[in-house]
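J.: Below: one structure in structure tokens.
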Ligand SMILES: Cc1ncc(COP(=O)(O)O)c(C=O)c1O
């Protein structure tokens, strides 16, 4: 089989493959990220978008995705932890950053010095933030999360007016938003989500009645954004949809949205099994006749789930290549789909579904999980190559981002 051209000067587009660095890599199409955000802003809205870039931008690499989202018009970025926010600031990103999750008291100072907006859910949190803000000589922006049914982080609806009054009275702290999170917006029955919206709307009304400006009011994640029209909603939090992935197999995305990430590698070695040979740890696969297999330099430490052992597949030269035996930490063996597979041949491990390689959804189904877990599980040792107009513009190796 002819090995595909590998030079960085090779054809632009989906056929571009790097000629440097590790064979196992991901490509992230920044035009897809930009396009997905655009589609949501126009087709669902007009709405403003908070781009959710937590968990390393759902495995895509936080800095390049955040930059792209801001350039495409995102109003704000959202992360889960203070450290994730600091990573964005260290990369020179100036856009507002909301920390969605609970921050420890000891993190308040760092968060405030980096101008991160913290999320509050209880009055006890106000003092630490006010003290840190006063000692930094700045005013800390905060948003309040309302628990309307998720039973995770959040203030009880009945406590929100009092919480916001105390924030106002704390002096060095400013309320810039109020939000909630849906528990079941990707489920078959939207009744619970409708109840959450009602509860949230009552809280927002109560704040207005109390003369408190709630700032940015937002509740919809991707599923809520594409499935529900929330009266008066002008801001949404877009996570999985930003990456062109569905929140659930049953929830289609609007036309024009597409996956940004493909995980790829190259054949490292081809060998022929003799009848009776067994493959990999535990010897779970036995060749019944002579069989050509290809060794791939990718394993579960890269994010190729061990649960795919003996049941997943990859694509080599446009054809399915089933996984033989167990996925190891760094290596995996697959059946050769033809007789002419050679070392160096390109392999799609999972991708955008345009070829015979599995999609993230296929991998999630095979391993009994969701695409969120698969994509956030691509490890730091997999280089991410960023493409614009099919050409590489940057590569992320570990935590080192190199612009090309
Ligand atoms: C508070 C909050 N908002 C928004 C999101 C984005 O959700 P999705 O990726 O389903 O769009 C998440 C993700 O878990 C979240 O925790």
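The values are calculated or read from the model by the stated rules, or taken from the named source; none is laboratory data. Everything numeric in this text was worked out from a predicted model, so none of it was measured. All Cβ positions, even for glycine, are placed from backbone atoms using ideal geometry, and neighbour counts span all protein chains on display.
J.: Just for strands (runs of 3 or more DSSP E) wholly inside segment 200-316: which have at least 2 residues that are in the same structural domain as residue 175 (by TED's automatic domain parsing), within 14 Å of the ligand (Cβ to nearest atom) and under 18 Å from the mean Cα position of the chain (by Cα)?
T.: Here the list reads 235-238.
This table checks each residue for (1) in contact with a strand residue (DSSP E or B) (Cβ under 8 Å, 6 or more places away or on another chain); (2) under 23 Å from residue 114 (Cα atoms).
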position	(1), (2)
147	yes, no
163	yes, no
166	no, no
177	yes, yes
181	yes, no
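J.: Follow-up. If the requirement is being surrounded by fewer than 23 Cβ atoms within 10 Å (Cβ to Cβ), within 30 Å of residue 147 (Cβ to Cβ), in contact with a helix residue (DSSP H, G or I) (Cβ under 7 Å, 6 or more places away or on another chain) and free of Cβ contacts under 8 Å to residues at least 24 places away in the same chain, which of these qualifies: 184, 209, 205, 249?
T.: None of the others qualify; the one that does is 184.
J.: What residue, among those in segment 171-181 that are more than 23 Å from the chain's Cα centre (by Cα) and assigned to a loop (DSSP other than H, G, I, E, B), is surrounded by the most Cβ atoms within 10 Å (Cβ to Cβ)?
T.: This residue is 172.
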